[in-house]
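Take a look at the structure set out below.
Just so it is clear, none of the values below were taken in a lab; they were calculated from the coordinates. These numbers were taken from a predicted model, which means no experiment stands behind them. Cβ coordinates were reconstructed from backbone atoms using ideal geometry, including for glycine residues, and neighbour counts include every protein chain displayed.
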């Protein structure tokens, strides 16, 4: 059977929220691919990541904010015939989010977004943050421009 593509929004949300991390792909300053894992928050169709305030990725995003974010889950080997290598396949679900990085500088908005991220990993969204901590963290929203999705479950 063929994979299902262009999944409904509720399935896309389930795949994204079911992942522990995402992979963010970008093009470095030399025009080469560069991919990094990130913790993230996803709420109301909006995608957020955070990082330290400096580094190669920050330099890249200042020059080229375009990114592709990959989410994948539910891997399971599918075997139709144990003696035929070509009959082996992998079941999975995946979502690709294409967009652009937007740096968040407002401290109140940074705190709100950090709580979205913290809620994913701790179940809580009531943390408070001191001004020095908020100034020393980079927070980003990914402006979602296109979403691709696929589920191969057969």
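When the chain is treated as a Gaussian network with alpha carbon springs shorter than 10 Å, the biggest mean-square fluctuation among 11, 83, 20 belongs to 83.
Taken along the Cα-to-beta-carbon direction at a fixed 7 Å, the label points for residue 46 and residue 5 span 3.1 nm. Take 43-51, 28-36, 93-101 and order them by the average number of nearby Cβ atoms within 10 Å per residue, most first; the result is 93-101, 43-51, 28-36.
Note on the stretch 59-132 and the stretch 3-37: Cα centroid distance 6 Å, given to the nearest whole angstrom. Which entry is the computed Rg/Rh (Cα atoms, Kirkwood Rh) for this structure: [x] 0.98; [y] 0.95; [z] 1.05? Of the labelled values, this structure produces [z].
What number, rounded to the nearest 500 deg cm²/dmol, is the helix-based mean residue ellipticity at 222 nm of the chain, given -39500 (n - 2.57) per DSSP H run of at least four residues and division by all its residues?
Working: 4 runs with 39 residues, N = 154.
That comes out to -7500 deg cm²/dmol.
Between the Cα long axis of helix 107-122 and the first principal axis of the chain there is an angle of about 40°, rounded to the nearest 10.
Calculated FRET efficiency, residue 70 to residue 122, Cβ-Cβ distance, R0 = 25 Å: about 0.55 to the nearest 0.05.
Take the Cβ-Cβ distance between residue 20 and residue 146 as r, set R0 to 35 Å, and report the resulting FRET efficiency rounded to the nearest 0.05. Let's see the in-between values first.
Working: r = 24 Å, r/R0 = 0.68.
Efficiency, rounded to the nearest 0.05: 0.90.
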